[in-house]
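These notes are about the structure you will find just below.
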Amino acid sequence: MDKNTISGFGLLMLLLVGYILYNQNAETKSQAQVTKDSIENAKKHPPMAAKMIDTTSLAANGVVDTSLLVAKEELTTIENNDVIVTLTNKGAFAKKILLKKFKTHDGKPLFLFDGDKNSIDYGFKSTTGNIIHTKAETFTTTLSADKKSIAFANENMNITYTLEDEGYMMAIKAVPVSADKTTPISMDWSAQSLLTEHDLTTQQQYTQYCTNTEKDGVEIIDIKDKETKDIKDPINWLSFKQHYFNTTLIPDAKIISLTKVTAESKADTVAKTLSTMNANMTLQNGSSLDFRMFVGPNDYRLLKTYNKDLEEMIPLSYGIFGFVKYINKWIILPIFYGLSKFFTSFGIVILLLTFILRLLMSPFTYKSYVSSAKMKALKPELDELKEKHGDDKQAYGVDQMKLYREAGVNPLGGCLPALLQLPVFFALLSFFPQSIELRQSKFLWAKDLSTYDSIYDLPFSIPFYGDHISLFTILFVITSLVLALYSMNTNMGADQSNPMMKYLPFIMPVMFLGIFNKLSASLTFYYFVSNVITLALQFVIQQWIIDPEKIHAQIKAKRSAPPKENKLMKKMMEMQQQQQQMKKK
């Protein structure tokens with residue numbers, strides 16, 4: 001989220017414009033020399049399979065137009081079992097990357113990036129005093145026999161790209177041949193993300209860039225409009241992250257000393273582009289600049305295998321609920337991945353995950369239902385107290401707490417399961433939308449569990465609701481209303497005189513109708529199943545497990561015995577007595 005003030009933003013724009021003008025000026029001054037060097041280099045090192053233009057055909061009145069003596073662009077691919085990388089001899093960088101095992105939402109080949117806005121440009125001062133930018137250079141190419149490695153070379157820079165037999169990690173080795181060792185080297189990395197998912201809004205929401213520095217660790221920055229960040233600490237890695245994929249630059253050593261990152265969110269549904277990022281880095285001058293670049297999915301388990309904290313770019317918690325990250329790491333993830341080993345349908349995995357989580361919370365749920373049953377057993381006596389005190393709510397409250405204390409009833413006992421479910425609620429709210437395993441996974445009528453399930457697309461958009469109808473959301477809302485009604489009928493000891501407390505359980509599900517309609521089907525399916533399990537548990541426990549006569553006997557025995565000291569109940573009684581005394585004054 002852009003937190004700059006208007007004045008700060010204006011100053012930032014001035015600095016950016018000055019930076020661009022400075023670069024343009026520097027490039028203009030050296031353009032003549034760059035062109036001359038490129039022509040000479042092209043003569044000495046013609047690109048593999050590239051034909052130079054015949055100079056005799058360019059002669060006019062005996063003069064050769066040397067500006068046309070430029071080699072044609074030549075694209076070469078390297079690949080392994082997972083990716084195909086297409087590189088150009090004009091600048092020696094990857095122009096597009098195809099992920100073999102993934103498709104776009106409409107079934108087309110999925111390109112991580114594609115186009116001229118994706119490049120790596122090394123800039124340095126040569127030993128002859130010239131300013132070199134590799135993006136403007138032409139290179140000869142040498143492709144390895146296994147087509148997993150390619151070497152680019154000219155008189156100024158040698159660059160090699162190498163893929164492993166499988167996986168998404170690519171090694172980059174750059175050797176500045178003609179660099180002046182006394183001056184730093186710059187590296188300008190530009191990247192552009194593409195539209196790959198069905199829901200544009202959600203993909204924009206999860207388009208981010210991530211940094212991992214020695215000082216601050218992993219930081220995730222949402223790209224809203226235009227974001228700029230100056231990083232003055234050594235970088236462990238820098239990532240341009242989409243919803244389910246990322247491109248991450250990982251230096252093998254602490255060679256990046258200063259970085260300026262500029263990212264902009266600007267969706268173009270025609271060009272199928274989403275956002276852009278540019279990172280201008282200052283590198284320590286050396287004989288070799290070694291990097292690795294990850295170009296693949298946001299797979300938590302896969303990223304964790306690299307031991308670089310890359311998995312931290314997948315946010316398993318947010319803001320004040322940061323602690324739920326540990327619920328995801330220690331409970332949700334092990335159960336989810338364990339179940340996925342045995343079941344190919346992730347709908348079944350979510351169903352079983354729901355049962356297991358509810359089973360873990362069942363002891364607290366049982367105590368809650370016992371507390372509700374005790375309060376129900378005390379209803380006749382509570383009714384007598386209401387009749388006795390009439391409109392004097394303070395006096396009624398004091399006697400009510402006294403009655404609860406004598407019977408050993410905790411009026412807050414029914415709140416415990418709800419409080420325990422909140423962390424799980426927020427944990428799953430973070431986990432499900434980030435899980436690439438659910439991407440394009442079908443279940444029942446849901447075509448993709450990673451996005452909302454739509455049984456009907458509306459020809460218009462309803463405010464606070466959307467332009468589609470999610471059936472899982474409707475089922476969740478209906479079961480929530482039934483659950484609220486059932487709980488109200490079974491908890492007869494609750495005070496129904498407060499209209500807000502009386503109708504709040506019915507208001508919340510209606511609000512959820514608009515909020516959950518846009519969430520992923522995996523999430524709404526989980527909450528629907530959770531509600532069904534809760535209803536079933538309540539019915540079974542109330543009908544066959546909890547014995548009202550036994551509860552009455554326990555209350556009677558409790559009231560005849562000396563009451564145990566309950567600090568919370570004692571405090572509540574003292575407060576109500578104080579309020580009653582103040583009212584009498």
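Tell me yes or no: at least one residue of segment 382-400 is of a type outside the set (Phe, Trp, Tyr), modelled with pLDDT of 90 or more and crowded, with 16+ Cβ neighbours inside 10 Å. Step through it out loud before you land on a result.
Here is the first cut: in segment 382-400, the ones of a type outside the set (Phe, Trp, Tyr) are 382-395, 397-400.
Restricting the remaining residues to those that are modelled with pLDDT of 90 or more gives none.
No, every residue in segment 382-400 fails to be of a type outside the set (Phe, Trp, Tyr), modelled with pLDDT of 90 or more and crowded, with 16+ Cβ neighbours inside 10 Å.
Which condition number does SER461 fail, the rest of (1) surrounded by fewer than 18 Cβ atoms within 10 Å (Cβ to Cβ); (2) among the small types (Gly, Ala, Ser); (3) assigned to a loop (DSSP other than H, G, I, E, B) being met?
Failed condition: (3).
So which pairs qualify, if the first residue must be in segment 125-152 and more than 21 Å from SER190 (Cα to Cα), the second must be in a loop (DSSP other than H, G, I, E, B) and among the basic types (Lys, Arg), the Cβ gap must be under 9 Å, and the two must be at least 6 apart or on different chains?
Within 9 Å, the pairs are THR127/LYS181.
Assess whether PHE464 counts as being aromatic (Phe, Trp, Tyr) and under 19 Å from PHE102 (Cα atoms). Before you say what the answer is, go through the steps one by one.
Numbers: aromatic (Phe, Trp, Tyr): yes; under 19 Å from PHE102 (Cα atoms): no.
Considered against the rule, which asks whether it is aromatic (Phe, Trp, Tyr) and under 19 Å from PHE102 (Cα atoms), PHE464 comes out as no.
Residues in segment 313-334 that are over 15 Å from LEU438 (Cβ atoms) and outside any loop (DSSP other than H, G, I, E, B): how many?
12
Take THR213 and decide whether it is at pLDDT below 90 and more than 21 Å from ASN118 (Cα to Cα). Give the steps one after another, and end with the answer.
Working: at pLDDT below 90: no; more than 21 Å from ASN118 (Cα to Cα): yes.
So THR213 fails the test.
Name the pairs whose Cβ atoms lie under 6 Å apart, with the first residue in segment 286-310 and over 17 Å from LEU438 (Cα atoms), the second surrounded by 22 or more Cβ atoms within 10 Å (Cβ to Cβ) and aromatic (Phe, Trp, Tyr), and 6 or more positions between them or separate chains?
Taking only residues 6 or more apart or on different chains, the pairs are PHE294/TYR168; VAL295/TYR168.
Taking the condition assigned by TED's automatic domain parsing to the domain that holds ASN80 and either at pLDDT 95 or above or within 37 Å of the chain's Cα centre (by Cα) (or both), does ALA179 pass?
Values: assigned by TED's automatic domain parsing to the domain that holds ASN80: yes; either at pLDDT 95 or above or within 37 Å of the chain's Cα centre (by Cα) (or both): no.
Taking the combined requirement at face value, the residue does not satisfy it.
Can you tell me which residues in segment 323-355 are exposed (fewer than 14 other Cβ atoms within 10 Å of the Cβ) and in contact with a helix residue (DSSP H, G or I) (Cβ under 6 Å, 6 or more places away or on another chain)?
Answer for segment 323-355, where residues must be exposed (fewer than 14 other Cβ atoms within 10 Å of the Cβ) and in contact with a helix residue (DSSP H, G or I) (Cβ under 6 Å, 6 or more places away or on another chain): just PHE343.
MET575: in the same structural domain as MET375 (by TED's automatic domain parsing), over 23 Å from ILE356 (Cβ atoms) and modelled with pLDDT under 65, yes or no? Spell out how you get there, then give the answer.
On the way: in the same structural domain as MET375 (by TED's automatic domain parsing): yes; over 23 Å from ILE356 (Cβ atoms): yes; modelled with pLDDT under 65: no.
The answer is no for MET575.
Assess whether LEU194 counts as being closer than 30 Å to ASP453 by Cβ, surrounded by fewer than 18 Cβ atoms within 10 Å (Cβ to Cβ), of a type outside the set (Val, Ile, Thr) and in contact (Cβ under 8 Å) with a residue 24 or more places away in the chain. Before the answer, list the steps.
Working: closer than 30 Å to ASP453 by Cβ: yes; surrounded by fewer than 18 Cβ atoms within 10 Å (Cβ to Cβ): no; of a type outside the set (Val, Ile, Thr): yes; in contact (Cβ under 8 Å) with a residue 24 or more places away in the chain: yes.
The answer is no for LEU194.
Of all residues in segment 101-116, count the ones that are in a strand (DSSP E or B) and either surrounded by 13 or more Cβ atoms within 10 Å (Cβ to Cβ) or of a type in the set (Ser, Thr, Tyr) (or both). First the steps, then the outcome.
Taking segment 101-116 and keeping what is in a strand (DSSP E or B), we get 101-103, 109-114.
Right, trim to either surrounded by 13 or more Cβ atoms within 10 Å (Cβ to Cβ) or of a type in the set (Ser, Thr, Tyr) (or both) and you get 102-103, 110-114.
Qualifying residue count, segment 101-116: 7.
Please work out which one of (1) part of a strand (DSSP E or B); (2) more than 20 Å from THR282 (Cβ to Cβ) is the condition VAL175 fails and give its number.
Failing condition for VAL175: (2).
Go through THR76, THR128 for me and flag whichever is part of a strand (DSSP E or B) and not aromatic (Phe, Trp, Tyr).
Details: THR128 fails: part of a strand (DSSP E or B).
Result of the check over THR76, THR128: THR76.
Going through segment 276-301 one residue at a time, which ones are in contact with a strand residue (DSSP E or B) (Cβ under 8 Å, 6 or more places away or on another chain), surrounded by 22 or more Cβ atoms within 10 Å (Cβ to Cβ) and not in a strand (DSSP E or B)?
ASN298, the sole residue that qualifies.
Residues that are of a type in the set (Lys, Arg), within 20 Å of the chain's Cα centre (by Cα) and at pLDDT 90 or above: does segment 290-298 have at least one? I'd like the intermediate steps shown before the answer.
Residues of segment 290-298 that are of a type in the set (Lys, Arg), as a first pass: 292.
Now narrow it down to the ones that are within 20 Å of the chain's Cα centre (by Cα): none.
Within segment 290-298, not a single residue is of a type in the set (Lys, Arg), within 20 Å of the chain's Cα centre (by Cα) and at pLDDT 90 or above.
The values are calculated or read from the model by the stated rules, or taken from the named source; none is laboratory data. The structure displayed is predicted, hence computed values, not measured ones. For neighbour counting, all protein chains shown are included, and Cβ atoms are generated from backbone atoms with ideal geometry for every residue, glycine included.
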